[in-house]
Amino acid sequence: MIHLNGIYKQFGDTILYKDSSFQINPGYKMGLVGPNGAGKTSIFRLITGEESPDRGNITKPDKLNVAYFSQDVGEMSGRTVLEEILSGAEKVAKAAKRIKEIEKVLESSADHPIEDNEMAVILEEYGDLQSFFEQSGGYDLEARAKEIITGLGIMPEDHHRPVETFSGGWKMRIELAKVLLVMPDVLLMDEPTNHLDLESILWLENWLVNFKGSLLMTSHDRDFMNRIVNRIVSIENQKIVVYTGNYDFYEKERDIRKDQLMASHKRQQDMLAKEEEFIARFAARASHAAQVQSRVKKLEKIDRIEIPPDQQVMKFDFPTPPRSGVDVIKMENLGKYWVHPDGRKKQVFSGISGFIRRLDKVAIVGVNGAGKSTFLKTICGFTDATEGRTTMGPSVEMGYFSQYSLDVLDPDNTVLEEIQQRLPDATLGMARSLLGAFLFGGDTVNKKIKVLSGGEKSRVILATLMAKPLNFLVLDEPTNHLDILSREVLLDAIKNFEGTVAIVSHDRHFLRSIANRVFEIDHGEMRVYGGTYDEYLHKVEEKIKH
């Protein structure tokens, strides 16, 4: 269907890939992986024609319907949510209009005969349009638009709200709905789970599992990739390598191939050493000149096996924390409501009583808008409770990571200046060493905050947390913007952390690996489950059955 043949692409002095090929065939569901800056987004742009390869070619059928969801959301205004989504199916609407025009021509052909050649052309166009219209779900377009956007978290009562009243994260969902609506032959998706809550991720996951077309996507969500993809396209050291299997299979197979490469490299190095020793030993002897020359030529023809550099990842563990009291947080009839400008109250949660105790690792879960982030802010004292109270236990040293804390970084500071402001007691050497653990080495410490990516800003915040003797970590979506490898490093650090953790995350792999208690916020109430995240899911499923 889509073939990338012998692709070579370079930006400035950086070679992204050379002499690389892969193809997207019908039914392929492919995950695209690689380090930041490896050229994943460029693969999408090459396929859509937004960019061209420096060498090589890309072939695809002329009538292939390709849809692309990227992180760049265009300007949205002047339409309702539903109208905006339907605007994404402009080709389907044009096809419907043209079908009606042709039908009128065919109806009038009895009175106004059409030449056979012209009729053949009209009937061929008519057949193509009908096939496209049916494949794109043209007969139930509006119903599907409503189903998709509801699945992505915008409820029916908001379908007719103006799009300009929604935040950037919600506009991303609207843009995603536009792409899903057109039912393309090939769907390209760049981080589709960004800005989605767990319920919307599960809905999208199920939709993509049942999607009949082909898929190429990037995602930092390991579980999401494992459930959907049957192939991994990996950008490795300027090459594109395809693995048949899901992300877990790719990870194991990649390690096996690396071990095999290391073994082959060692055998070759041993062989080269022997040959070079022979050449050096007998180079001056006329009696061995032919043998020496033969071996020199042999070495010149050998393809040297190169060991690619390891991908850089964060390297850190939280320092051993001071011991806190047994009761870290005590909640007594805790409640929170917001007051609308017109005086109406919106209850977020109420009547919450209980404890978070030392060494608990608590997952806070609930649907989008349930109040998870508000709950964290309330127990930390960053927003006042409107009912009841929380009490922090003795000797508790708290660190708070918010998905919004990235916005409080000073955009005009350099990375080093930001760390020095937040850790005034740290020496220059300590600050540089700390930043090095979070992949800010050399001159990168002088990069301005305003030019950093979301992942880089997250690493700056995490660096400030690591540098303090904390025994209670409160983490609100800490994995947002982090790639899979960085998530794994953070996950290991939290698993090994000898303190207490309360976390909100939509990464199921993360919650499954960490939680020993689950607090579920549902319609303003909190239910507490002892045990792991998987045990919580099992109990919820059993409750639904009964």
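What the table shows:
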item	result
Among (1) modelled with pLDDT of 90 or more; (2) over 36 Å from the mean Cα position of the chain (by Cα); (3) loosely packed, with under 11 Cβ neighbours inside 10 Å - the single one Met271 does not satisfy	(3)
Leading residue by the ranking (modelled with the lowest pLDDT) among those in the range 36-83 that are in contact with a helix residue (DSSP H, G or I) (Cβ under 6 Å, 6 or more places away or on another chain) and of a type in the set (Ser, Thr, Tyr)	Ser77
Selected residue (only one of Pro162, Pro156 is modelled with pLDDT of 80 or more and either surrounded by fewer than 14 Cβ atoms within 10 Å (Cβ to Cβ) or of a type in the set (Ser, Thr, Tyr) (or both))	Pro156
Test: Asp255 is under 27 Å from Glu488 (Cα atoms), among the acidic types (Asp, Glu), outside any helix (DSSP H, G or I) and not assigned by TED's automatic domain parsing to the domain that holds Ala493	no
Flag for Glu205 being of a type in the set (D, E, K, R), out of contact with any Gly (no Cβ under 7 Å at 6 or more places or on another chain), at negative phi and surrounded by 13 or more Cβ atoms within 10 Å (Cβ to Cβ)	yes
Any hit, the range 357-374, residues being under 15 Å from Glu525 (Cα atoms), of a type in the set (Lys, Arg) and surrounded by 19 or more Cβ atoms within 10 Å (Cβ to Cβ)	yes
Ser505, sole failed condition from (1) hydroxyl-bearing (Ser, Thr, Tyr); (2) at pLDDT 85 or above; (3) surrounded by fewer than 18 Cβ atoms within 10 Å (Cβ to Cβ)	(3)
Qualifying strands (runs of 3 or more DSSP E) (wholly inside the range 386-480; at least 2 residues being of a type in the set (A, V, I, L, M) and touching a helix residue (DSSP H, G or I) at 6+ places or on another chain (Cβ under 6 Å))	none
Criterion violated by Phe349 - all others in (1) modelled with pLDDT under 90; (2) over 21 Å from Gly530 (Cα atoms) satisfied	(2)
Complete set of residues in the range 283-321 that are more than 30 Å from Gly37 (Cα to Cα), modelled with pLDDT of 85 or more and surrounded by 13 or more Cβ atoms within 10 Å (Cβ to Cβ)	Gln291, Val292, Arg295, Val296, Leu299, Pro321
Exclusive hit being of a type outside the set (S, T, N, Q), modelled with pLDDT of 95 or more and within 25 Å of the chain's Cα centre (by Cα), set Ile240, Ile232	Ile232
Flag if Val367 is assigned to a helix (DSSP H, G or I), in contact with an Asp or Glu (Cβ under 9 Å, 6 or more places away or on another chain) and under 28 Å from Asn194 (Cα atoms)	no
Selection within the range 151-171 - more than 14 Å from Ser200 (Cα to Cα), in contact (Cβ under 8 Å) with a residue 40 or more places away in the chain and in a loop (DSSP other than H, G, I, E, B)	His159, His160, Arg161, Phe166
Which numbered condition Arg344 misses (of (1) surrounded by 14 or more Cβ atoms within 10 Å (Cβ to Cβ); (2) modelled with pLDDT under 90)	(1)
Exclusive hit being in contact with a Leu (Cβ under 9 Å, 6 or more places away or on another chain), in contact (Cβ under 8 Å) with a residue 40 or more places away in the chain and either under 30 Å from Ile149 (Cβ atoms) or assigned by TED's automatic domain parsing to the domain that holds Asn226 (or both), set Val92, Val81, Val33	Val92
Hits in the range 132-180 (condition: of a type in the set (Asp, Glu) and over 14 Å from Gln71 (Cα atoms))	Glu134, Asp140, Glu142, Glu147, Glu157, Asp158, Glu164
Only one of Ile174, Ile148 that is modelled with pLDDT of 90 or more, over 19 Å from the mean Cα position of the chain (by Cα) and assigned to a helix (DSSP H, G or I)	Ile148
Strands (runs of 3 or more DSSP E) within the range 1-112 that include 3 or more residues exposed (fewer than 15 other Cβ atoms within 10 Å of the Cβ)	2-11, 14-24, 55-59
Filter pass, Leu215 being part of a strand (DSSP E or B) and of a type in the set (A, V, I, L, M)	yes
Yes/no for Val474 being in contact with a strand residue (DSSP E or B) (Cβ under 6 Å, 6 or more places away or on another chain) and buried (at least 21 other Cβ atoms within 10 Å of the Cβ)	yes
Filter result (within 29 Å of Ile307 (Cα to Cα) and either touching a Leu at 6+ places or on another chain (Cβ under 7 Å) or basic (Lys, Arg) (or both)) within the range 273-288	Lys274, Glu275, Arg281
Where a residue in the range 2-29 is within 14 Å of Phe44 (Cα to Cα) and its partner, wherever it lies, is acidic (Asp, Glu) and outside any loop (DSSP other than H, G, I, E, B), with Cβ under 9 Å and at least six apart	Ile7/Asp19
Condition check for Asp443: without any contact (Cβ under 8 Å) to a residue 40 or more places away in the chain and over 22 Å from Ala363 (Cβ atoms)	yes
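Okay, residues lined up against (1) in the same structural domain as Lys9 (by TED's automatic domain parsing); (2) assigned to a helix (DSSP H, G or I); (3) not aromatic (Phe, Trp, Tyr):
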residue: Ser234; (1), (2), (3): yes, no, yes
residue: Tyr250; (1), (2), (3): no, yes, no
residue: Met271; (1), (2), (3): no, yes, yes
residue: Glu276; (1), (2), (3): no, yes, yes
residue: Arg281; (1), (2), (3): no, yes, yes
residue: Ala284; (1), (2), (3): no, no, yes
residue: Ala290; (1), (2), (3): no, yes, yes
residue: Gln293; (1), (2), (3): no, yes, yes
residue: Val296; (1), (2), (3): no, yes, yes
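The values are calculated or read from the model by the stated rules, or taken from the named source; none is laboratory data. Since we're looking at a predicted model, the values are computed, not measured. We place every Cβ from the backbone using ideal geometry, glycine too, and count neighbours over all the protein chains shown.
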